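Structure record follows, encoded as structure tokens.
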Amino acid sequence: MSKRSVIFLTAFCIFGLTFAIVPQKKKRTRKVQKTEDNRVYLIHSDMLSYDQYKNPDAQILNGHVQFKHNGAKLFCDSAHFYEASNSFEAFGNVKMYQGDTLTLFSDYAYYDGNEQMAEARFNVVLTHRKSKLYTDSLNFDRLYNIGYFFEGGKLVDNGSVLTSDWGEYDTKTRMAVFNYDVRLRNKKFYLTSDTLYYDTGKSLAHVIGPSNITSGNSHIYTENGYYNTKTDYSELFGRSVMKDKGKSVIGDSVYYDSKKGTSEAFGNVIYTDSINKNKLTGDYCWYDENTGYAMATKRAVAIDFSQKDSLYMHADTFKIYTFNINTDSVYRKIHAYNHVRAYRIDVQAVCDSLVYNSKDSCMTMYRDPIVWNGNQQLLGEEIKVFMKDSTVNRAHVIGQALSVEQMPDTIHYNQISSKEMLAYFNNGELNEVESIDNVQIIYYPIDDSDSTIIGLNYTETTKMRMFLENRKMKKIWMPKATGTLYPLPQVPPGKFFLQNYAWFDYIRPLDKNDIFNWRPKKGGSEIKPEKRRSAPLQHLKPLEQSSTSSENKKSE
């Protein structure tokens, strides 16, 4: 090529880059829309050359190269500019600035001005506000403000580091999508997932697919959940599981505030304490880990599985209060109300409400409480049950106590009535009963030879102690007593039952599913609490009054 040709071609390239299309004059008859200038402009280059043989379509630029396109500025060490296709390749210290909120750095980039697509490669850093995305391969679509990476990437935002094999980031909505081997880590937790949506503006992560969140001793498993990395607030759906120090919560939806230490769960909720071996279920549960307060309602069930046979207890509402939390003297009170029904194979109970205190392992049943053990029924105005090693140790019936035992023939009943009654158990078996004050007894002695009923023994006394073995009476003790033994054929019609006799087998829970079926007592059979007589109070006369009266007596 001649020297004249080279000079002409160089001049043509330079002036061609700066040439602008002059808009046509507007006609008076109609408006003409202004044509958008979508061309890439070369602003500066230390050197410009042209190689007809190696790259005839490109202008070869070297030294402080700068381009401009639709509000974006692009810098690099060298470039190949393809004016015909409105594109260029940039090499070395490639930098793109879009406004004052977005920068894109890389070692190499290809930019298509028509598609407004930048393909950045090697040591790529996309910075948007306070978020930084690191990768080796990123395509940034300026038309939709979305960056795509497909060979592994790392997003750093607000102290959180998020990595995955593939992902995209929308600078307009500030939403990032990550797929395949997703990992999110910060000082407080570590998250792994298959798919994650992350809103950098709200610091909100949305995981889809099998996901695990670990923070200290706590662990969360979910397949659809939201987690705010700034506020530590979680929203979990689809039977998510939360575990912490031997405790776990499962629900259709679980809301957990880590800063406040509160969790709220809806829909078939299961709270399990594997250390103390108990469980609380319901359609709504609330728990505050700082105060130890918990509440469950809507088909709420408390389950104790510390023994061979589990105890199931249902109430309209359960509330748990914790005292002296985080100390060695911690204890809890469990309130259950209303329509309380409990079932275990060996014991069943019904009452209106109850309170369990772990400090003395005492469960107090209120308003028409009834307890069944085998063929024995125990009731009164109030029943206190004391536990030992999760089994019944003793029971205290206060007010109108009545113990009824159904005989094997199912038509005769041993009965004990008194003001108070104490029952003692050994390995869950009743082995001693003590009745106090106004004791009335109906007892059917049995012939040991043929197990037939001999007659009916009616006794009245002030106190009685009865010892049992294998559910049969072994010995009985009482002070002075009056009684009559009637042969069975000669029992007067009114002597078969005590005045306050009642057999409430129709109320008794039949199995663990029957605890939900509330069956009240028949009208008129409810216990009416007796008013206790208070001790007479002594009224002391004032000192002045007493001295005056004594002086009057002396004067008389």
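The values are calculated or read from the model by the stated rules, or taken from the named source; none is laboratory data. Given the structure is predicted, the values throughout are model-derived calculations rather than measurements. All Cβ positions, even for glycine, are placed from backbone atoms using ideal geometry, and neighbour counts span all protein chains on display. Just the protein is used for accessible areas: all its heavy atoms, side chains included, with ligands, DNA and RNA removed. Shrake-Rupley method; radii C 1.70, N 1.55, O 1.52, S 1.80 Å.
For an R0 of 22 angstrom, estimate the FRET efficiency from the Cβ-Cβ distance between ASN393 and ASN324 and round to the nearest 0.05.
Numbers: r = 24 Å, r/R0 = 1.08.
Calculated value: 0.40.
How big, on average over all directions, is the shadow cast by the Cα convex hull of segment 66-139, in nm²?
4.4
Please identify the trypsin sites (Lys or Arg not before Pro) of segment 63-158 that satisfy two criteria: DSSP loop assignment and at most 12 other Cβ atoms within 10 Å. Which are they?
Details: sites: LYS68, LYS73, LYS95, ARG121, ARG129, LYS130, LYS132, ARG142, LYS154; in loops: ARG129, LYS130, ARG142.
Taking segment 63-158 and a limit of 12 other Cβ atoms within 10 Å, the loop trypsin sites (Lys or Arg not before Pro) found are LYS130.
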Checklist outcome for this item: Computed curve, segment 209-260, Cα-only Debye sum without solvent term, log₁₀ I(q)/I(0) at 0.17 Å⁻¹, is -0.44
Checklist entry - R0 = 35 Å: FRET efficiency of LYS259 with GLU223, Cβ-based, nearest 0.05? => result 0.90
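Could you please report the charge total around ASN123, scoring K, R as +1 and D, E as -1 over all other residues with beta-carbon less than 15 angstrom from its beta-carbon? Could the numbers behind the result be given before it?
Numbers: positive: LYS95, ARG121, LYS132, LYS154; negative: ASP77, ASP107, GLU119, ASP136, GLU151.
Summing Lys/Arg as +1 and Asp/Glu as -1 gives -1.
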Checklist outcome for this item: Helix 3-18 sits off the longest principal axis of the Cα atoms of the chain, rounded to the nearest 10 on a 0 to 90 degree scale, by 40
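Kindly provide the trypsin sites (Lys or Arg not before Pro) of segment 349-409 that DSSP labels as loop, not H, G, I, E or B, and whose Cβ sees at most 15 other Cβ atoms within 10 Å. Walk me through the intermediate numbers first.
Working: sites: LYS359, ARG367, LYS384, LYS388, ARG394; in loops: LYS359, ARG367.
Of the trypsin sites (Lys or Arg not before Pro), the ones in loops of segment 349-409 whose Cβ has at most 15 other Cβ atoms within 10 Å are LYS359.
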Next on the checklist: What is the angle, in °, between the Cα long axis of helix 543-555 and the longest principal axis of the Cα atoms in the chain? Nearest 10 is fine, range 0 to 90.
Outcome noted: 20
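Heavy atoms only, probe 1.4 Å: what % of the accessible area of the chain goes to carbon and sulfur, would you let me know? Could the numbers behind the result be given before it?
Numbers: 16780 of 32080 Å².
With neighbouring chains kept in place, the figure for the chain is 52 percent.
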Checklist entry - Once you put a point 7 Å from the Cα of LEU510 and another 7 Å from the Cα of TYR97, both along the Cβ direction, what distance in nm separates them? => result 8.2
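With viscosity set to 1.306 mPa s and temperature to 10 °C, compute the Stokes-Einstein D of segment 60-192, Rh being the Kirkwood radius across alpha carbon pairs; µm²/s, no decimals. Walk me through the numbers before you get to the answer.
Numbers: Rh = 15.1 Å.
Answer, rounded: 105 µm²/s.
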Checklist outcome for this item: Extension length gain for GLU151 and LYS172 (0.36 nm per residue less Cα distance), in nm, is 5.3 nm
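On a 1.4 Å probe surface of the protein chains, which of LEU184, LEU430 comes out largest in accessible area, and what is the full order? Don't jump to the answer; show the numbers that get you there.
Details: LEU184 0, LEU430 30 Å².
My answer, sorted largest first, is LEU430, LEU184.
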Checklist entry - Relative contact order for the chain using alpha-carbon pairs under 8 Å, separation at least 6, rounded to a whole percent? => result 4
Checklist entry - Which value, in nm² and rounded to one decimal, describes the direction-averaged projected area of the C-alpha convex hull of the chain? => result 56.3
Checklist entry - Label ASN62 and LEU143 with points 7 Å out from Cα along Cα→Cβ: what is the distance between them in nm? => result 3.6
Item to check | Tail beyond 14 Å, pair distance distribution of segment 32-114 (Cα, percent) | outcome: 62
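Once you have the Kirkwood Rh of segment 151-196 from its Cα pairs, apply Stokes-Einstein at 10 °C and 1.306 mPa s and quote D in µm²/s. Present the calculation step by step, with values, prior to reporting the outcome.
On the way: Rh = 10.7 Å.
Taking Rh from Cα pairs, D becomes 149 µm²/s.
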Checklist entry - What list of ³J(HN,Hα) couplings, whole Hz, do you get for segment 419-432 from phi and the Karplus terms 6.51, -1.76, 1.60, once you set θ to phi - 60° and write x for glycine and proline? => result 6, 9, 8, 10, 10, 10, 10, 9, 6, x, 9, 5, 10, 7
Checklist entry - Mind checking the log10 I(q)/I(0) for segment 376-483 at q = 0.23 Å⁻¹? Debye, one equal scatterer per Cα, no solvent, two decimals. => result -1.38
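Would you compute, from DSSP H runs of 4+ residues alone, the mean residue ellipticity of the chain at 222 nm, taking -39500 (n - 2.57) per run and dividing by the full residue count, rounded to the nearest 500? Could the numbers behind the result be given before it?
Working: 2 runs with 29 residues, N = 556.
For the chain, the value works out to -1500 deg cm²/dmol.
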Checklist entry - Could you give the nm distance between label points at LYS308 and LYS245, where each point is 7 Å from its Cα heading toward the beta carbon? => result 3.4
Checklist outcome for this item: Using the Kirkwood formula on alpha carbons, the hydrodynamic radius of segment 249-395 in angstrom works out to 15.9
Next on the checklist: Please list 3J(HN,Hα) in residue order for segment 336-341, calculated via the Karplus relation 6.51 cos²θ - 1.76 cosθ + 1.60 where θ = phi - 60°; whole Hz, with x for glycine and proline.
Outcome noted: 10, 6, 9, 6, 7, 9
Next on the checklist: Just to verify a number: FRET efficiency for ASN114 and TYR197, C-beta to C-beta distance, R0 = 41 Å, to 0.05?
Outcome noted: 0.85
Item to check | Cα-only radius of gyration and Dmax that characterise segment 414-468, units Å | outcome: 12.7, 36
Item to check | Interatomic Cα distance distribution for segment 364-439, bins of 10 angstrom, percent | outcome: 20, 52, 26, 2
